[in-house]
Amino acid sequence: MAFADKTLTCRECGAEFVFAAGEQEFFRSRGLLNEPGRCPACRATRRRGLLSRPEQQYYEVVCDSCGSQAKVPFQPRGDRPVYCNECFAKLRGRR
């Protein structure tokens, strides 16, 4: 089966891109029957997860071990101790 270059439109950004014959052959060899809906740049961005990953929120806390200020990626509930990175690493090393 002979493949020919096709010009497609990206559904993400609306830019036109070329779906080359070599890419078509590669897709077919991997069992992929559908043409790509996104341009290479949007596919790469999507793979990196930049579009779907929200900014992570950090909370300021005081370390229960050494008393220094620290930032943690979860909201402390108050029923368990919270440690800075250094103290947490020391505690994990003991186990």
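Bear in mind these aren't lab numbers, they're just calculated from the coordinates by the rules spelled out. Here the structure is a predicted model, which means the values were calculated and not measured. In this analysis, Cβ positions are derived from the backbone assuming ideal geometry, glycine residues included, and neighbour counts consider all displayed protein chains.
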Inset, instruction - For region 32-45, just list the computed ³J(HN,Hα) in residue order, Karplus coefficients 6.51, -1.76 and 1.60, θ = phi - 60°, integers in Hz, with x standing in for Gly and Pro. - result: 8, 9, 8, 6, x, x, 10, 5, x, 5, 5, 5, 5, 4
Legend entry - Most fluctuating residue given options Cys39, Cys13, Cys66, as computed from a GNM of the chain linking Cα atoms under 10 Å: Cys66
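What number, rounded to the nearest 500 deg cm²/dmol, is the helix-based mean residue ellipticity at 222 nm of the chain, given -39500 (n - 2.57) per DSSP H run of at least four residues and division by all its residues?
Values: 3 runs with 28 residues, N = 95.
Taken over the chain, the calculation gives -8500 deg cm²/dmol.
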Legend entry - Loop sites in region 6-95: chymotrypsin sites (Phe, Trp or Tyr not before Pro), DSSP, at most 12 other Cβ within 10 Å: Tyr58, Phe74
Legend entry - Candidate values [x] 11.0; [y] 9.3; [z] 13.8, label of the one derived for mean projected area of the Cα convex hull in nm²: [x]
Legend entry - Nearest-ten-degree value, helix 85-94 long axis tilted from longest Cα axis of the chain: 80
Inset, instruction - Could you check which residue among Arg28, Arg47, Arg80 shows the biggest mean-square fluctuation in a GNM of the chain with a 10 Å Cα cutoff? - result: Arg80
